[in-house]
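The values are calculated or read from the model by the stated rules, or taken from the named source; none is laboratory data. This structure is a prediction, so every number in the text was calculated from the model and none was measured. Using ideal geometry, Cβ is built from the backbone for each residue, glycine included, and neighbour counts are taken over all protein chains shown.
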């Protein structure tokens, strides 16, 4: 743990552009995030929100520019990545083991997303919103420094939205960085609200 | 290391629950049951050709789990999640191959004991057959993961998988059948060498395929 906490998480996106299917996405985007920052990325469908998160996560490579990040990352995107035939608890435990997360962190994540009552139900029986909560719980349990969340509010009821708000605020307050890609305006105080439509950032 | 073991264990569990375990075994035993119907109950003929038939049945059984090896993990985002955690694609492929060796190769070896009894293979040949298959099955496991990675998401993936597998397994089959001859020594060594080369290379080929298909 000491080595993880020794350096603060940071994220530096420098003049990034990427080609997606013969189309230039994110032409010349630059963003800097320090520990404690929440960055809210907005934009129309297809403007490159998910692409940006996948670039930061290292799943795609940039065509030009640089991305430098410091700290462990966790990603919650449209793919659930939880085995459908096992219980919610077992599916989350698999990833918690991958992340080296403790049983306490796992239980705390289940509680934070109000999944205790669903813990022993197979993942395939979950509703859309419950699936989303399970994938958010995986990010919470991971203890990662940088959270990448792609449309995390989709399908959530208002109580769950409030829980997610609180989880994001807590993570940032504890020195993490949270990137949220969403089509709605931020519901919480953010360090940077970035609109990919016009390519200009307003603090 | 603990995470690697967890990933291998997950592969084995998915095989147990997803039909990847019993499907190849049942297929393998079905072939060895059907073969005597075709040739008739000629004991000498069965003893001479039975080992080769089990080899071919093992090759074909390799194809059965291909569709569930990579594609479901790509679609559900498991491969992405592993990549975010810093797993190299080669390491993911290695874990999947190790899982295949446990969940596919070992049961097939056990089924060989039953299969050889069904065909009426001489007991002296059973040991040679088991040793040869034990040498070749890691390579077949590696090939099944590699082909699954290459064809994941393509239409007609299973048919394409068959076309890809058959030419690559020719050396395994030639040396494998060679071990059933009077003196299996040289063929066994060549089989071991071929299998080792294929097993060692397959994680890199599968890893490259995983990386190339990430969008």
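From the list B:160, B:190, B:164, which one is over 16 Å from residue B:54 (Cβ atoms), within 15 Å of the chain's Cα centre (by Cα) and without any contact (Cβ under 8 Å) to a residue 24 or more places away in the chain?
Only one candidate passes the filter, namely B:164.
If you take the residues in region B:173-187 that are within 14 Å of residue B:139 (Cα to Cα) and touching a residue at least 60 places away in the same chain (Cβ under 8 Å), which one is surrounded by the most Cβ atoms within 10 Å (Cβ to Cβ)?
B:176
Which of the residues belonging to region B:1-26 are more than 12 Å from every other protein chain (Cβ to nearest Cβ) and either over 24 Å from residue A:98 (Cα atoms) or in a loop (DSSP other than H, G, I, E, B) (or both)?
Those that are more than 12 Å from every other protein chain (Cβ to nearest Cβ) and either over 24 Å from residue A:98 (Cα atoms) or in a loop (DSSP other than H, G, I, E, B) (or both): B:20, B:21, B:22, B:23, B:24, B:25, B:26.
Considering only strands (runs of 3 or more DSSP E) fully contained in region A:1-73, which possess at least 3 residues that are under 27 Å from residue B:87 (Cβ atoms) and either in contact with a helix residue (DSSP H, G or I) (Cβ under 8 Å, 6 or more places away or on another chain) or at pLDDT 90 or above (or both)?
A:10-20, A:23-33, A:64-70
Output the number of residues of region A:92-126 satisfying the condition of being over 22 Å from residue B:11 (Cβ atoms), assigned to a loop (DSSP other than H, G, I, E, B), in contact (Cβ under 8 Å) with a residue 24 or more places away in the chain and out of contact with any strand residue (DSSP E or B) (no Cβ under 8 Å at 6 or more places or on another chain).
Total meeting the criteria: 4.
Read through the list (1) in contact (Cβ under 8 Å) with a residue 12 or more places away in the chain; (2) surrounded by fewer than 13 Cβ atoms within 10 Å (Cβ to Cβ); (3) in a helix (DSSP H, G or I), then give the number of the only condition that residue B:170 fails.
(1)
Mind listing whichever residues of region A:127-148 are part of a helix (DSSP H, G or I), surrounded by fewer than 23 Cβ atoms within 10 Å (Cβ to Cβ) and within 13 Å of chain B (Cβ to nearest Cβ)?
Listed by number, the list holds a single entry, A:131.
Does at least one position in region A:79-95 carry a residue that is buried (at least 22 other Cβ atoms within 10 Å of the Cβ) and closer than 30 Å to residue A:14 by Cβ?
yes
Is at least one residue of region B:77-88 surrounded by fewer than 22 Cβ atoms within 10 Å (Cβ to Cβ) and either at pLDDT below 90 or within 28 Å of residue B:118 (Cβ to Cβ) (or both)?
So far as region B:77-88 goes, no, none of its residues is surrounded by fewer than 22 Cβ atoms within 10 Å (Cβ to Cβ) and either at pLDDT below 90 or within 28 Å of residue B:118 (Cβ to Cβ) (or both).
Which condition number in (1) in a helix (DSSP H, G or I); (2) more than 22 Å from residue B:157 (Cβ to Cβ); (3) more than 14 Å from every other protein chain (Cβ to nearest Cβ) is the one that residue B:41 fails?
(1)
Could you tell me how many of the residues in region B:7-31 are crowded, with 17+ Cβ neighbours inside 10 Å and without any contact (Cβ under 8 Å) to a residue 24 or more places away in the chain?
Looking only at that region, the number is 1.
Every residue in region A:73-91 that is without any contact (Cβ under 8 Å) to a residue 40 or more places away in the chain, more than 8 Å from chain B (Cβ to nearest Cβ) and closer than 17 Å to residue B:74 by Cα, please.
Matches in region A:73-91: none.
State the number of residues belonging to region B:111-149 that are over 16 Å from the mean Cα position of the chain (by Cα) and either under 18 Å from residue B:190 (Cβ atoms) or in a helix (DSSP H, G or I) (or both).
Number of matching residues: 13.
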